Amino acid sequence: ETVQTYPFLLPNLTYAIFAAIAWVIGCIFLEETLPASQRCSCLRRRQASAETVELPAPMGLVRSTSGTDPSGAPTRFVLDEGESTVSAPKGKCYPVELIQTIVSYCGLSGTTAAQNQLLILLVSYEKSAGGFEFGPRDIGFLQNIGAVGLLSSQLFLYPKLTKRFGFLNVFLLGFCMAHLSYGLFPFYGLFYDKDKYGMWRFVPLGCMQFMYTASTGMMFPTAFAFINRAAEGLNRGAVNGWANSSGALCRAAFPPASAVLLSISTSWGPLGRYLPLYIVTMIAAVCLACSLPGLRVINARSAVNARARSPAAVAPAPPVAVVPTSLEEDCRNARREPLVPAVEA
């Protein structure tokens, strides 16, 4: 009775339980990267100068190559009290390449949240308005298909594609796949009639959701990889804090804006409801165009560093000259006997 009175209680409670389990797992198994001697020195950091200051590295993250990630990214980190230093940014701004990378992540976060919001609203339209009239159970079924697409992408597609084509090409491929899958929504809308198509109307929507989540599963890990590579020599904790905060702000602002735009465009005809999808795609394309120069610089720099670390880049040792000796000398050297010259008879 309580679940029927409050239909959103059970899904929210389930999510809260999973979040609590993830928090407990993180507290138990994740190791702290900041040394114990520096965990209580936050107040003293305010005295740091705005100029470039050499700060001791909090805890070196040494890459372990024992993993199976073929992309070259570290699959496992080992904590080490390294002697490397982290330098604060000179002035008040980060490098241009890093800012462009954060812009790409913010655009990705905001547009993904907006498209997910628009999907739920569009499939919830009543049948009389040419909508699918999906309820929470039907929408949950679509999201489960999306979860399978994300899992398949992470396990099978992403490692092989990054090894074959590189991070930047995989990022661009994911961008095209994601926005193409939602750009075909007017075609999916042709199968809205439940009496005519029955369960077959889930096929185009399920394929769309599978393709969309698989493509976003290629983009988000690549965006984080580019952010960390662009933050080389900087305080990665601060850089990731700015990136995640900016992404969270975009995730909070884009869905309400897209919902307002949908309410306005609905009155423009049967196809007007799909206009917000294309506006979101245009915003994502602008963010990508602004960040693409920085992404190319970081991708080229990473390729150079990878070639420098490869075993083939190490010059082979010069060959050791071997002085030819006679068979008698080899035998005596092996027995460690002094060489006595032969006496003529």
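See the values below:
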| quantity | calculated |
| --- | --- |
| Residue satisfying all of: in the range 129-145; open to solvent by 40 Å² or more (accessible area, probe 1.4 Å) and under 20 Å from Thr266 (Cα atoms); modelled with the lowest pLDDT among these | Ala129 |
| In the range 25-51, the residues that are modelled with pLDDT of 85 or more and either surrounded by 10 or more Cβ atoms within 10 Å (Cβ to Cβ) or closer than 30 Å to Gly135 by Cβ (or both) | Ile25 |
| Test: Glu97 is at pLDDT 75 or above and farther than 30 Å from Met211 by Cβ | yes |
| Any hit, the range 320-328, residues being modelled with pLDDT under 75 and in a helix (DSSP H, G or I) | yes |
| Contacts under 7 angstrom Cβ, first residue in the range 234-254 being within 16 Å of Pro221 (Cα to Cα) and of a type outside the set (Val, Ile, Thr), partner open to solvent by less than 40 Å² (accessible area, probe 1.4 Å) and not in a loop (DSSP other than H, G, I, E, B), 6 or more apart | Asn240/Ile227; Ala243/Ile102; Ala243/Tyr105; Ala243/Ile227; Gly247/Tyr105; Gly247/Cys106; Gly247/Ser109 |
| Condition met for Tyr197 (surrounded by 14 or more Cβ atoms within 10 Å (Cβ to Cβ) and touching a residue at least 40 places away in the same chain (Cβ under 8 Å)) | no |
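Per-residue answers, yes or no, for (1) in a helix (DSSP H, G or I); (2) at pLDDT below 95; (3) surrounded by fewer than 20 Cβ atoms within 10 Å (Cβ to Cβ):
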{"site": "Leu190", "(1), (2), (3)": "yes, yes, yes"}
{"site": "Val203", "(1), (2), (3)": "yes, yes, yes"}
{"site": "Phe210", "(1), (2), (3)": "yes, no, no"}
{"site": "Ser215", "(1), (2), (3)": "yes, no, no"}
{"site": "Glu232", "(1), (2), (3)": "no, yes, yes"}
{"site": "Ala248", "(1), (2), (3)": "yes, no, yes"}
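The values are calculated or read from the model by the stated rules, or taken from the named source; none is laboratory data. For clarity, every value in this text was computed on a predicted model and none was experimentally measured. Every residue, glycine among them, receives a Cβ derived from its backbone with ideal geometry; neighbour counts consider all protein chains shown. Surface areas here come from the heavy atoms of the whole protein model, side chains and all, with no ligands, DNA or RNA. Shrake-Rupley method; radii C 1.70, N 1.55, O 1.52, S 1.80 Å.
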